[in-house]
Amino acid sequence: MADDIALEIPSDLLLPASGSGPGIVLFQEIFGVTDYIRSRAQDLADLGYVVLVPHLYGRLGDPVVEEGGAGLPRAMKLLEEVDWQLAVADGVDAVAALRAHPAVDGGVGVLGFCFGGGMAFNVAAVADPKPDVLVSYYGSALPNLLGLAPEVTVASLHHFGDDDAYIPLETVRDIERAVTEGSDDVTFEVHPGAGHAFDNPSPMFHHAEASAAAWEQTTQWLAEHLPVREGVAAG
């Protein structure tokens with residue numbers, strides 16, 4: 001728990017080895033704050049970021065569901081139970097709380113996977129002040145959020161697979177057009193052969209090549225757009 005973060009939902013705060021750095025709010029998949037999400041949070045902390053993981057299912061008892069297989073129907077049901085606008089408000093609060101944290105030295109970005117990718121996009125559109133950067137992996141809500149695209153004015157990076165059963169390639173191209181139109185700094189990556197949630201290590205989802213390529217692109221993009229001061233990241 002992040003005892004010094006004042007949120008209405010549980011959260012985890014990870015500090016880099018240096019004790020300070022730019023901030024990233026990391027938003028979960030539909031399965032909750034799983035070991036996978038925690039591992040990605042640690043990966044970001046190892047790069048030198050102060051990472052806050054709000055538990056967006058905290059108002060539902062903070063469940064964590066098996067990733068894929070038997071857990072998928074339960075996760076989809078949980079998604080239906082989420083009050084989206086209240087979750088967005090929790091996400092906005094998380095950005096503000098992290099920005100105010102004394103360990104944060106620099107800007108604050110948002111990064112999310114699947115459910116969290118759409119949440120990060122929505123938060124980037126409505127937060128005031130806005131986060132400094134946005135990274136969205138296959139944001140599952142994005143097809144329904146494109147009306148917010150003009151409000152997402154921060155530098156952004158989007159990842160999708162071209163074999164996504166939930167977001168067809170035609171829809172991915174619609175998203176690409178919407179988020180790039182009129183935007184100065186949008187990077188849009190479509191990974192060949194990758195399906196939905198390709199970064200998740202569950203065998204049901206994982207695409208090793210796409211996962212590795214996307215993470216390398218993400219770390220390089222963050223180094224450019226939300227840089228950690230030289231010498232403070234963990235080795």
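The values are calculated or read from the model by the stated rules, or taken from the named source; none is laboratory data. Fair warning: this is a prediction, and the values are worked out from it, not measured in the lab. Positions of Cβ are backbone-derived with ideal geometry, glycine not excepted, and every protein chain shown enters the neighbour counts. Note: areas computed on protein heavy atoms with side chains; ligands, DNA, RNA excluded. Shrake-Rupley method; radii C 1.70, N 1.55, O 1.52, S 1.80 Å.
Taking into account only those residues within region 100-121 that are under 18 Å from H159 (Cα atoms) and among the hydrophobic types (A, V, I, L, M, F, W, C), which is surrounded by the most Cβ atoms within 10 Å (Cβ to Cβ)? Show your work before the answer.
If we filter region 100-121 for residues that are under 18 Å from H159 (Cα atoms), which is where we start, we get 109-121.
Next, from what is left, pick out any that are among the hydrophobic types (A, V, I, L, M, F, W, C): 110-111, 113-115, 119-121.
On the way: V110: 33, L111: 26, F113: 29, C114: 26, F115: 27, M119: 29, A120: 29, F121: 27.
By that ranking, first place goes to V110.
I'd like to verify a number: residues in region 127-141 that are of a type outside the set (A, V, I, L, M) and either open to solvent by less than 10 Å² (accessible area, probe 1.4 Å) or in contact with a Lys or Arg (Cβ under 7 Å, 6 or more places away or on another chain) (or both), how many?
Final tally of qualifying residues: 5.
If the Cβ limit is 9 Å and pairs must be 6+ apart or interchain, which residue in region 212-227 that is modelled with pLDDT of 95 or more pairs with which residue that is in a helix (DSSP H, G or I) and surrounded by 13 or more Cβ atoms within 10 Å (Cβ to Cβ)?
That search, which allows pairs on different chains as well, returns W215/R40; W215/D43; T219/D43; T219/L44; L222/L44.
May I ask you to say which residue of A124, A97 is outside any strand (DSSP E or B), open to solvent by 10 Å² or more (accessible area, probe 1.4 Å) and modelled with pLDDT of 95 or more?
A97
Out of (1) assigned to a loop (DSSP other than H, G, I, E, B); (2) over 19 Å from M119 (Cα atoms); (3) modelled with pLDDT of 95 or more; (4) of a type outside the set (S, T, Y), what's the single condition that is false for G182?
(3)
Against the definition (over 22 Å from L44 (Cα atoms), of a type in the set (S, T, Y) and in contact with a strand residue (DSSP E or B) (Cβ under 6 Å, 6 or more places away or on another chain)), how does T180 come out, yes or no?
When the stated conditions are applied, T180 passes them.
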